[in-house]
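Contents: one structure, followed by commentary.
Just so it is clear, none of the values below were taken in a lab; they were calculated from the coordinates. The structure presented is a predicted model; accordingly, all values stated were derived computationally and were not measured. Glycine also receives a Cβ, built like all others from the backbone with ideal geometry; neighbour counts cover every protein chain displayed.
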Amino acid sequence: MNTSINFPHLGIYLEHVGKSVSVFGFDIAYYGIIIGCSILLGLYLAQREAKRTGQNPDTYTDMVIYAIIVSVICARAYYVIFSWDHYKDNLLSIFNLRQGGLAIYGGIIGAVATVYVYSRVKKISFPLLLDTACIGLVAGQVLGRWGNFFNREAFGGYTDGLFAMQLPVSAVRANEITEEMWAHVQVIGGEQFIQVHPTFLYESIWNLGVLCFLYWYRDRKKFRGELFLTYILGYGLGRVWIEGLRTDQLQIGSTGIPVSQLLAGVLILVSLFLIVMGRRRAVREEHGQTEEDQAGD
């Protein structure tokens with residue numbers, strides 16, 4: 001199989017991009033290595049944020065252990081539910097994670113549920129945990145999306161734009177190649193290549209922007225939980241347009257509606273509403289407190 005990946009308009013030609021590395025005869029997928037590194041990066045940044053805000057950093061070490069387990073299960077369940085036709089005749093393949101198939105929104109749902117239960121058990125503010133953890137979560141997404149690069153997945157339709165990425169037909173799943181891609185197939189060195197949007201790259205860059213904004217905004221928030229809602233809003237805005245480019249969308253039955261695009265749109269509206277209402281309430285409370293102080297004086 002051809003292992004090259006090209007970005008012709010950027011002058012980047014990578015001839016040998018493998019999917020795994022062999023350690024003592026055992027193949028370890030780059031996807032798994034990158035996800036592992038993204039988890040460590042996210043934990044490190046969450047602990048730093050915890051220390052900055054006067055919390056115990058070890059709280060997040062314990063919480064992440066539970067969150068990883070639940071998030072992987074939920075991410076897989078989300079993917080399988082909306083790809084049921086692919087698994088219904090071979091149920092054992094549901095447990096084969098080496099073939100890919102994890103949905104980030106499923107993982108986020110699992111993580112939030114874990115944080116909620118953890119906050120109740122440990123009697124810690126749920127919104128405070130979310131505000132702290134979202135810094136690490138989005139940082140992990142920035143790095144984690146590069147696992148899709150090595151797997152030749154999560155790409156968009158045909159493009160001839162600046163960031164166009166060329167992938168060998170033999171290296172991608174046939175069901176993700178659209179008629180438009182076939183119409184623009186290029187033959188390079190006797191090998192067929194499709195030319196597509198590198199949506200993994202778009203999302204990685206977008207999430208980096210969200211991360212930078214959160215670092216700027218964290219000292220400007222008005223109430224606990226606002227930073228997490230801002231993350232949901234920012235990530236959703238990117239996901240709505242990026243998901244529309246992808247050819248491996250998880251859809252709601254036969255409606256043709258991408259479930260993650262719909263969910264992102266709903267979360268944008270909900271988070272925006274909660275931010276506006278939360279900030280208004282915080283301003284009223286500040287104003288009321290000021291009047292009480294003046295009356296006391």
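Ala77 satisfies every condition listed in (1) within 23 Å of the chain's Cα centre (by Cα); (2) loosely packed, with under 12 Cβ neighbours inside 10 Å except (2). Across the stretch 196-206, not a single residue is classified as of a type in the set (A, V, I, L, M), in contact with a strand residue (DSSP E or B) (Cβ under 9 Å, 6 or more places away or on another chain) and surrounded by fewer than 17 Cβ atoms within 10 Å (Cβ to Cβ).
Return the residue satisfying two criteria in turn: it lies in the stretch 52-65 and is surrounded by fewer than 16 Cβ atoms within 10 Å (Cβ to Cβ) and part of a helix (DSSP H, G or I), and of such residues it is nearest to the chain's Cα centre (by Cα). The qualifying residue nearest to the chain's Cα centre (by Cα) is Ile65. Taking residues in the stretch 151-162 that are in contact (Cβ under 8 Å) with a residue 40 or more places away in the chain, and partners anywhere that are assigned to a strand (DSSP E or B) and of a type outside the set (Val, Ile, Thr), the pairs with Cβ atoms closer than 6 Å and at least 6 places apart or on different chains are Arg152/Leu167; Gly156/Arg246.
Is it the case that Asp85 is in contact with a strand residue (DSSP E or B) (Cβ under 9 Å, 6 or more places away or on another chain) and either loosely packed, with under 15 Cβ neighbours inside 10 Å or among the hydrophobic types (A, V, I, L, M, F, W, C) (or both)? So Asp85 fails the test.
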